[in-house]
1. Could you check the stretch 212-224 and list, in sequence order, the residues that are touching a residue at least 40 places away in the same chain (Cβ under 8 Å) and outside any helix (DSSP H, G or I)?
2. How many of the residues making up the stretch 282-327 are among the small types (Gly, Ala, Ser) and under 20 Å from residue 361 (Cβ atoms)?
3. For the stretch 338-361, name all the residues that are touching a Leu at 6+ places or on another chain (Cβ under 9 Å) and either of a type in the set (A, V, I, L, M, F, W, C) or at pLDDT 85 or above (or both).
4. Filter the stretch 166-186 down to the residues that are surrounded by 15 or more Cβ atoms within 10 Å (Cβ to Cβ) and of a type in the set (Val, Ile, Thr), then identify the one that is farthest from residue 31 (Cα to Cα).
5. Looking at the stretch 176-211, which of the residues that are over 22 Å from residue 71 (Cβ atoms) and either part of a helix (DSSP H, G or I) or at pLDDT below 85 (or both) is nearest to the chain's Cα centre (by Cα)?
6. Just the residues that are out of contact with any helix residue (DSSP H, G or I) (no Cβ under 9 Å at 6 or more places or on another chain) and under 19 Å from residue 198 (Cβ atoms), please, taken from the stretch 148-163.
7. Would you confirm, using the coordinates I've provided, whether residue 334 is over 30 Å from residue 19 (Cβ atoms), of a type in the set (Gly, Ala, Ser) and out of contact with any strand residue (DSSP E or B) (no Cβ under 7 Å at 6 or more places or on another chain)?
8. For residues that are in a helix (DSSP H, G or I) and farther than 17 Å from residue 187 by Cβ, tally how many sit in the stretch 68-105.
Amino acid sequence: MSGLLAFLGDHTIQNVVIGATLLGIVSGVLGSFAVLRQQSLLGDTLAHAALPGICLGFIIAGARQIESILAGAFVTAVLAALVMLALTRNSRLKTDAGLGIALSIFFAIGVVLLTYIQGTGNASQGGLDAFLFGQAAAILRSDLVIMGGITLLSLALVAGFWKEFKLVTFDPVFAATQGLPVALLETLLTVIVAFAVVIGLQMVGVVLMAAMVIAPAVAARQWSRRLEQMVVLAAVFGVVSGLVGALISATGRGLSTGPLVILAATVLVIVSILFAPQRGVIWEEIKRGRDRRELGDNQVLTTLQGLARHHDDPAYPVEQGMLDTYHGLATRRALTRLARRGLVHPVRHMPDEGPHWELTPAGHAAARQVLVDIDAGGR
């Protein structure tokens with residue numbers, strides 16, 4: 001216990017854990033809107049577009065000051081978002097094309113500026129390239145104050161414009177008919193996503209920040225049917241990913257926090273895609289198997305009734321081999337399931353022939369209902 005308290009009492013570990021928690025909350029909440037608006041590349045674009053801002057902030061301040069660096073990152077990220085919106089609104093380019101153009105241009109500018117800074121010989125440039133992949137251990141308490149302020153501002157804006165953001169996300173056309181400034185709201189929502197990107201630059205870096213914006217929201221989408229549930233669950237998943245990655249990094253030697261946070265989020269995504277009720281891959285496979293069995297049972301049931309009608313005998317015994325031949329596959333399992341439901345029962349017919357089956361009264365009623373449902377579905 002004393003060892004655990006000493007571990008959690010470490011100043012650096014506390015900073016990393018708090019930073020990961022803040023990043024998880026804001027990324028989960030804002031990433032939910034990006035995923036639902038089908039702008040999964042938005043986080044990637046804004047993260048890469050932040051690089052020239054990082055470099056400009058360093059050049060203007062003349063030193064590695066977190067305030068100027070984050071301010072520069074925010075400005076260029078928002079500028080890239082505005083470029084993307086202008087391209088998609090004033091041309092025939094789709095959103096993904098606009099995002100790709102903005103990402104490429106701004107990241108290229110950032111690489112040029114980073115190369116320029118490295119060539120100046122400024123001694124304070126050391127560690128500036130850590131923003132590419134993150135350097136969680138370098139987070140200070142003063143940095144956490146800034147991250148906390150940005151997080152509170154982002155959440156306050158989301159809460160204040162919740163109804164408007166929700167309507168614009170799901171039905172922007174209807175929102176426009178209600179007199180809402182759709183373009184302004186979409187721009188504001190994109191700017192708020194840039195806040196999340198800025199928060200994550202020190203923790204996971206430019207390259208990996210896109211996954212942090214998207215992964216918790218994708219995982220939460222598998223478990224929820226309402227936006228409110230998705231936003232809360234995405235925030236929880238983001239916090240869990242951040243804490244798990246931070247703690248593993250702290251206990252391991254030479255393990256980077258950023259990639260571990262992303263790997264933890266990836267595990268949550270994989271688990272959600274596989275096991276989430278109603279939407280998970282395994283659930284869907286079980287449902288498809290159940291539907292196939294139900295379809296086979298209904299086919300056998302209607303075949304038995306059709307033969308009984310043809311012979312004008314409700315209790316007409318049908319040989320199992322005939323059913324196998326008619327359907328081109330073994331029907332024993334289907335007949336056994338129908339028998340357990342009380343819809344058919346085996347009967348003895350001729351000694352030299354195979355097993356025979358006949359419908360029960362409940363089986364006749366079920367077969368009629370199946371035909372009614374088929375007829376209704378075909379209309």
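The values are calculated or read from the model by the stated rules, or taken from the named source; none is laboratory data. Every value quoted in this text rests on a predicted model; they were computed, and no experiment measured them. Virtual Cβ from ideal backbone geometry, glycine too; neighbours counted across all protein chains shown.
1. Listed by number, the list is empty, since nothing qualifies.
2. The qualifying residues number 3.
3. Result: 338, 343, 344, 345, 346, 357, 358, 359, 360.
4. Result: 182.
5. Only one residue tops the list, namely 211.
6. If the condition is that a residue be out of contact with any helix residue (DSSP H, G or I) (no Cβ under 9 Å at 6 or more places or on another chain) and under 19 Å from residue 198 (Cβ atoms), then 149, 152, 156 are the ones that fit.
7. Working: over 30 Å from residue 19 (Cβ atoms): yes; of a type in the set (Gly, Ala, Ser): yes; out of contact with any strand residue (DSSP E or B) (no Cβ under 7 Å at 6 or more places or on another chain): yes.
Yes; evaluated as a whole, the condition is true for this residue.
8. The number of residues fulfilling the criteria is 13.
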